[in-house]
Amino acid sequence: MNRFLKFAAVVSAVLFTGTAASAQACPVDILDPFDLEAADIDSIYACMQAQMVAAYSKQGNKIGENYRNWTITASRPGVAGAHGERLLLTWANPIGAEQYLKYQEEGFEMPAGSVLAKESIKIHKKKKAAVVGPLFLMTKLQPGEAPETGDWRYDAIAPNGKQMKIKQSFCNDCHKGYEDSDYLAYPIEEVRLSN
């Protein structure tokens, strides 16, 4: 390997793992995420995806290390008002993937043991850059284990790889608006995968 390639590999490693560098590595011109076109989102995601995996797995969290081996549930990240106007892309574990991909609106329950991992990217307006947001997690518990949240447990992994403290009612207050679809707010329709 020549010197230039070695240097490029080192620079890439620093950009993909450093917090300050990661914000500089993915500059954006459009600061309102709702104004982003599909091509803009694709470009941001291409720049961010390796950084997200590195961030979520820093502390050895097994989901953070392995969620990318699960089933992707959309064609690309979508922008939703929930989760702080972040770009969001959900992955479903093998237990929940088949049911989730039906995007069913009512009359079902996700199987116990289903886990959903939602990557997030925030447009940092001051830095004019895309930055790694939390990896939001939903785990379907055994029936009756947490009736106040529809038997879902909400968690998140911070961009530094640490488990975030999540107040269950905070997440559930929004998700209970989707009670008919077992508390699932699916990806926006334009990015859903066809069945």
From DSSP H assignment alone, runs of 4+ in the chain each adding -39500 (n - 2.57), the sum over residues rounded to the nearest 500 puts [θ] at 222 nm at -9000 deg cm²/dmol
For the range 3-191, averaging the sequence separation of alpha carbon pairs under 8 Å that lie six or more residues apart and dividing by its residue count, the contact order in percent is 21
Check: C-alpha center the range 111-153 vs C-alpha center the range 42-64, spacing in Å is 15
Working note, the chain: Cα radius of gyration (Å, one decimal) and Dmax (Å, whole number) are 17.4, 60
With +1 at each Lys and Arg Cβ and -1 at each Asp and Glu Cβ, the charge dipole magnitude of the chain around its Cα centre, to the nearest 20 debye, comes out at 1340
Bounding extents of the range 138-183 in its principal axis frame from Cα atoms, largest first in Å, are 34, 21, 15
Trp152 neighbourhood, Cβ < 14 Å, K/R = +1, D/E = -1, net charge -3
A student applying the Cα gyration tensor rule (rounded when a/c is under 1.5; otherwise prolate if a/b is larger than b/c, oblate if not) would label the range 32-135 oblate
In the range 71-174, the GluC sites (Glu not before Pro) that sit in a DSSP loop and have at most 12 other Cβ atoms within 10 Å of their own Cβ are Glu105, Glu106, Glu145
For the range 87-183, Rg(Cα) over 2.2 N^0.38 Å is 1.15
Here the cysteines of the chain without any disulfide-compatible Cβ partner under 4.7 Å are Cys171, Cys174
A chain fully extended from Lys58 to Lys162 at 0.36 nm per residue, minus the present Cα-Cα distance, gains in nm 36.7 nm
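No lab work stands behind these numbers, since they all come straight from the coordinates. All values derive from a computational prediction rather than experimental measurement. For neighbour counting, all protein chains shown are included, and Cβ atoms are generated from backbone atoms with ideal geometry for every residue, glycine included.
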